[in-house]
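Only one structure is covered here, and it is reproduced in the block below.
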Amino acid sequence: MNKIKVTMRFSANDITIPVTYHLVKDYDLMVNILNADISLNKIGTLVADLAGEQENIEQGLEFIRGLGVDVRIFNKNIIWEADKCIHCGACTAVCPSGALVMDKTDWSLTFDREKCLICGLCVKACPINVMNITDNGE
Ligand code: SF4
Ligand code: SF4
């Protein structure tokens, strides 16, 4: 099974298309919505993980693009050098998805990669540069 992270931008006209329903039902994909900014009569954005057989992922993406939806695959990754982190918490204040939170038992930083939107805000916020953004595979 493969997994990719994508961002989909819908025009105001396409906002009512049940894209996730079709990806699940017609292409046997698991869709984990990470962030959604969608309302009627405006451009909408959906960030999601898509998991399934590679062939199904490719066909699902083709289907979405065929609808006129702008689909981008994330090709970046966030690297946290946990051993150098001083757990100051500065990055948690800017993280929009809750991927970075302080563990309230010992006030250490925890990073939930599944929730990460790869926005890069933590990279700029970290005072000692232990958050980095890289191309996948590096
Ligand atoms: S890149 Fe950093 S700030 Fe952005 S969602 Fe991921 S962990 Fe949070
Ligand atoms: S800002 Fe940097 S040093 Fe501070 S908790 Fe986050 S990763 Fe660790």
Please list, in order along region 96-113, the HN-Hα scalar couplings obtained from phi with the Karplus expression 6.51 cos²θ - 1.76 cosθ + 1.60 (θ = phi - 60°), rounded to whole Hz, x for Gly and Pro. x, 10, x, 6, 10, 9, 8, 6, 6, 7, 10, 6, 9, 6, 10, 10, 9, 4
Applying the Karplus parametrisation 6.51 cos²θ - 1.76 cosθ + 1.60 with θ = phi - 60° to the phi angles of region 71-81, what ³J(HN,Hα) value in whole Hz is obtained for each residue in order, glycine and proline being reported as x? 10, 10, 9, 5, 10, 10, 9, 9, 10, 10, 7
Compute the separation of the alpha-carbon centres of region 95-126 and region 47-81 and state it in Å as a whole number. 23 Å
Please identify the cysteines of the chain that lack any partner cysteine with a Cβ under 4.7 Å from their own Cβ. Cys85, Cys88, Cys95, Cys116, Cys119, Cys126
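If Lys and Arg each add +1 and Asp and Glu each add -1, what is the summed charge of the other residues whose beta carbon sits under 12 Å from the beta carbon of Ile57? Walk me through the numbers on the way to the answer.
Details: positive: Lys3, Lys5; negative: Asp28, Asp49, Glu53, Glu55, Glu58, Glu62.
Net local charge, Ile57 excluded: -4.
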Residue-wise HN-Hα coupling along region 46-51, computed from phi with Karplus coefficients 6.51, -1.76, 1.60 (Hz; x: Gly, Pro): 10, 10, 8, 8, 10, 10
Please give the net charge around Asn35, taking every other residue with its beta carbon less than 15 angstrom from that of Asn35, where Lys and Arg add +1 and Asp and Glu add -1. +1
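Report the net charge of residues surrounding Val130, where surrounding means a beta-carbon distance below 11 angstrom and charges are Lys +1, Arg +1, Asp -1, Glu -1. Write out the running numbers ahead of the final one.
Working: positive: Lys84; negative: Glu81, Asp83.
Taking every Cβ under 11 Å from that of Val130, the sum is -1.
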Could you bin all the Cα-Cα distances of region 76-135 into 5 Å bins starting at 0 and give me the percent of pairs in each, rounded to whole numbers? 4, 21, 34, 28, 11, 2, 0
Measuring from the lowest to the highest alpha carbon on each principal axis, how far does the chain reach, largest first, in angstroms? 47, 35, 27
List the residues, sorted by chain then number, that are 5 or more residues from Ile133 or on another chain and whose placed amide H is less than 5 Å from its amide H. Ile79
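Under the Kirkwood approximation applied to all pairs of distinct alpha-carbon atoms, what is the hydrodynamic radius of region 41-97 in Å?
Working: mean 1/r = 0.0664 Å⁻¹.
In region 41-97 this quantity evaluates to 15.1 Å.
Going by average Cβ density within 10 Å per residue, which order do the peptides 89-98, 45-54 take, highest to lowest? Working shown, then result.
Numbers: 89-98: 15.6, 45-54: 17.6.
In descending order of packing, they fall as 45-54, 89-98.
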What does the convex hull of the Cα atoms of region 2-73 come to per residue, in Å³, rounded to a whole number? 68 Å³
Spelling it out for Val101: with amide H atoms placed in the peptide plane at 1.01 Å from N, the residues 5 or more places away or on another chain with amide H under 5 Å from its amide H are Thr110, Asp112
The chain: angle of helix 54-66 to the longest principal axis, Cα-based, in degrees nearest 10: 70 degrees
How much mean residue ellipticity at 222 nm does the chain get from its helices, if each DSSP H run of length 4 or more adds -39500 (n - 2.57) and you divide by all residues, to the nearest 500 deg cm²/dmol? -6000 deg cm²/dmol
Could you state how much accessible area Ile33 has, in square angstrom rounded to the nearest 10, with a 1.4 Å probe and all protein chains kept in place? 80 Å²
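The values are calculated or read from the model by the stated rules, or taken from the named source; none is laboratory data. This structure is a prediction, so every number in the text was calculated from the model and none was measured. Methodologically, a virtual Cβ is constructed for each residue, glycine included, from the backbone with ideal geometry; neighbour enumeration extends over all protein chains shown. Each accessible area value is taken on the protein alone, full model and side chains, heavy atoms only, with ligands, DNA and RNA left out. Shrake-Rupley method; radii C 1.70, N 1.55, O 1.52, S 1.80 Å.
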